[in-house]
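Enquirer: One structure coming up, written as C-alpha cells, with questions to follow.
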Amino acid sequence: MNKKNMLAVVVALSALAVVAAEKPNIIFIYGDDIGYGDISCYGGEVDTCNIDTLAKEGVRFTGGYCTAATCTPSRYSLLTGEYAFRNKSAQILPGNAPLIIDPARPTIAAFLQDNGYKTALSGKWHLGLGSPAEPLDWNGQIKPGPKEVGFEYSFHMAATADRVPSVYIKNGRIVDLDASDPVQVNYQEMVGNDPTGLSHPQLLRLQADEQHAKTIVNGISRIGYMSGGNSARFRDEDMADTYLNKAVDFIKANKADPFFLYFAPNENHVPRVVHERFQGSTSLGPRGDALAVFDWCVGRLVETLKETGQYENTLIVVSSDNGPVLFDGYWEAGIERTGTHDASGPWRGGKYSRWEGGTRVPFIVTWPGKSNPGISDAIVSQVDLYASVAALIGKKVPKKAGQDGLDLLDAFLGKTEVGRDYIIQEGSGQIAIRKGNWKYVPPGSVTERGGIGVWISTPVEEPGLLFHLTEDPTESNNLAALYPERVKELRDIIMKVAPE
Ligand code: NG6
Ligand code: CA
C-alpha cells in the first residue's frame, strides 16, 4: 500500500472509531430515602418541576428498582453491577467501616475512567473507607476510598449525615482540618470530651432517639462519637449547596472531555436540616423542604449543562437508594406534617422493607434528543445501569466486574418496554422477588419503621407470601396457597440466583 492509500485507510478507520465510540456525559443523580410517591410526576405533593421536566424529555419508569431497601447495599450494586447480597459486608455501615468494594473490582467509575471519562463523586459515600487490615488515620491520606475504585475527583462525607465523622473529605483528605485538632472516631465508646445528646440534651435543637444521641455537631446529636476536627465540621444547612457547587464546578471544568458524575446529595435522609432559604418552603415540614432542595439541585445541574452547551450530550439518571421513611431517628414532624402526601405512592412499605415501597423507587432516564420520551412499565434495576452504559459506549463489562446487571439500554432509552424478566429485592438482609406481575416474599419477616420509636416486624410463615401486584398493589392478599406452582417457580429462581 502506498503512503497516500495508507493515510486514507487511517482516516477512514478513525472516522469509524468516532462513530462507534459515542461517549455522552453520564450523570447519576442519586437521592437518599426518596420514595416512589415523593416526586410530583409520580403523584407527590411537593412540586418537583425540574425532575418532572427531565421525565417529560426522557423515560419515566414505573417499575424501576434499587437493589435493596437501605443505602449501602443499593449503592454497592449501582457502582459494581452486582447484587449486594453477594457481599456480606454490604449492610448499613458505621462511619468508620473499611471500604467494602475490592479495589481490584472495576466499578462503573473505574470502567468509564479506563474508557476516557473524567470521573467524580460529589455527595454521600457510605461504602466504607480504608483497608480492613489496619485502622484508618482520619488525619492523613484516607485510602482506599473513592479514588481507588475509579473516582478521580471526590468530595464526600464518610457515611451519612447522621453518622460521625461530620466532615467533608476531598480527594482523600478531610477538608479544612487543623492538624493541631485531630479527628478521632469511635462507634463503641466515647472519644474526647464533646457533649453528647444524652449528656447535654439542652444543647440540642432536634430531639433524637437513643441511637442518634451521641456526639453533638451543629446542635444535632449523631450516631457514633467523634472528637477534634472542629474547624472541619460541616453545617447541615450548607450541605446541599456544597455538594452542588462541587458538581457544577466539575461539569464546567469538563467541557472538552466526556465525564461521569455521581451526584449523591443527602436529601431526603435525616437529619433534614435544609438551608434557611428552603425552610418552610413546602407545607410538608422538613421532609417536604428537603424534597424541594433535591429538585432544586436537579434544576441547577440541568441549567449548568445548558449553559455549557452539554445538555444534549448528557445522559441523566435520577433515582433513589431506597424507599421513604417518615421518622428515622429525629423528631422532625415527618409523620405529623405529611398529610395526604403518600411517599411510597401506591406501594406498601418503605425503607428497610421487602414490600414494594422499599425498593421500587422513582427512576428517570433522560438523554435529551436521544431518548424516546414516555412512561415505561419495563422492570429495570439500578444494577443494570453498568451493563447498559457499557453497551452505550460500545464496550463489554469487564470480566472482574459484577455480572448481575443486564444490558437494558433500549429500555432505558425508551426504545422498548421489554426490561427484566424478574428482579431480586433485598430488605433488611432478606430476599424477595418480582417476576412479571407476581411478587413472592419467602418466609422470614418483613421489617419496617412504624413511627416514632416503633419498628414493625411482620412474620412471614411457610410457604411465604404471593401477591399479584396489578390487582393487589398493597400486597395484602396472599395467594400462595392458591398457586403453589407459582410459588415454586419463584422460589427456584431465588435458590438459583441468591442461594444462602
Ligand atoms: C439506621 C439508622 C437510621 C439511618 C439508617 C441508614 C438507627 C435506629 N437508625 O441504622 O437513622 O441512619 O441506619 O440509612 O440507628 S441509609 O439510608 O443510609 O441506609
Ligand atoms: Ca438511603
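Values in this text are rule-based calculations from the coordinates and carry no lab data. Note that this is a predicted model, so its numbers are computed, not measured. Positions of Cβ are generated from backbone atoms using ideal geometry, with glycine treated the same way; all protein chains shown enter the neighbour counts.
Enquirer: What is the dipole size for the chain, taken about its Cα centre, with +1 at each Lys and Arg Cβ and -1 at each Asp and Glu Cβ, in debye to the nearest 20?
Expert: In total the dipole reaches around 1560 debye.
Enquirer: Continuing with the same structure: When you count, for each residue, the other Cβ atoms within 10 Å and take the mean per peptide, how do 295-304, 78-87, 169-178 rank with the highest first?
Expert: Descending mean neighbour count gives 78-87, 295-304, 169-178.
Enquirer: Follow-up. Say each of residue 377 and residue 458 gets a label point 7 Å from the Cα, pointing the same way as Cα to Cβ; how far apart are those two points in nm?
Expert: 2.3 nm
Enquirer: Starting at the first residue of region 266-277, write each ³J(HN,Hα) from the Karplus equation 6.51 cos²θ - 1.76 cosθ + 1.60 with θ = phi - 60°, in whole Hz, x for Gly and Pro.
Expert: So the Karplus estimates, Gly and Pro as x, are 6, 5, 10, 7, 7, x, 8, 10, 8, 4, 3, 6 Hz.
Enquirer: If I model a spin label as a point 7 Å beyond the Cα along the Cα-Cβ vector, how far apart are those points for residue 500 and residue 468 in nm?
Expert: Computed distance between label sites residue 500 and residue 468 equals 3.1 nm.
Enquirer: Another question, if that's okay. Beta carbons within 10 angstrom, averaged per residue: use that to sort the peptides 222-229, 70-77, highest first.
Expert: Put in order of decreasing packing, that is 70-77, 222-229.
Enquirer: Still on this structure: Putting +1 on Lys and Arg Cβ atoms and -1 on Asp and Glu Cβ atoms, find which of 477, 458, 499 reaches farthest to the positive end of the dipole of region 453-500.
Expert: 499
Enquirer: Just subtract the alpha-carbon distance of residue 276 and residue 22 from 0.36 nm times their residue separation and send over the number in nm, one decimal.
Expert: My answer for the length gained is 87.2 nm.
Enquirer: Here's another thing I want to ask about it. Which pairs in the list 124/415; 118/170; 170/399; 118/255; 395/439; 88/496 are over 22 Å apart, alpha-carbon to alpha-carbon?
Expert: 124/415; 170/399; 395/439
Enquirer: Restricting things to alpha carbons, tell me how big region 238-306 is in terms of Rg and Dmax, in Å.
Expert: Using the Cα atoms of region 238-306, the pair Rg, Dmax is 13.1, 42 Å.
Enquirer: Give me Rg over Rh for region 357-465, both radii from the alpha carbons and Rh done the Kirkwood way, two decimal places.
Expert: Answer for region 357-465: 1.06.
Enquirer: Next up: What does DSSP give for the chain in terms of the percent of beta bridges that are antiparallel, rounded to the nearest 5?
Expert: Just about 55 percent of them are antiparallel.
Enquirer: For region 223-370, what is the convex hull volume of its Cα atoms per residue in Å³?
Expert: Normalising the Cα hull of region 223-370 by residue number yields 155 Å³.
Enquirer: At R0 = 60 Å, how high is the FRET efficiency between residue 477 and residue 184 if r is their beta carbon distance? Nearest 0.05 is fine.
Expert: It comes to 0.70.
Enquirer: Work out how far the C-alpha atoms of the chain reach from end to end along every principal axis, then list the three figures in whole Å, largest first.
Expert: 84, 67, 46
Enquirer: If R₀ is 35 angstrom, what is the calculated FRET efficiency for the pair residue 133 and residue 193, using the beta carbon separation as r and rounding to 0.05?
Expert: 0.70
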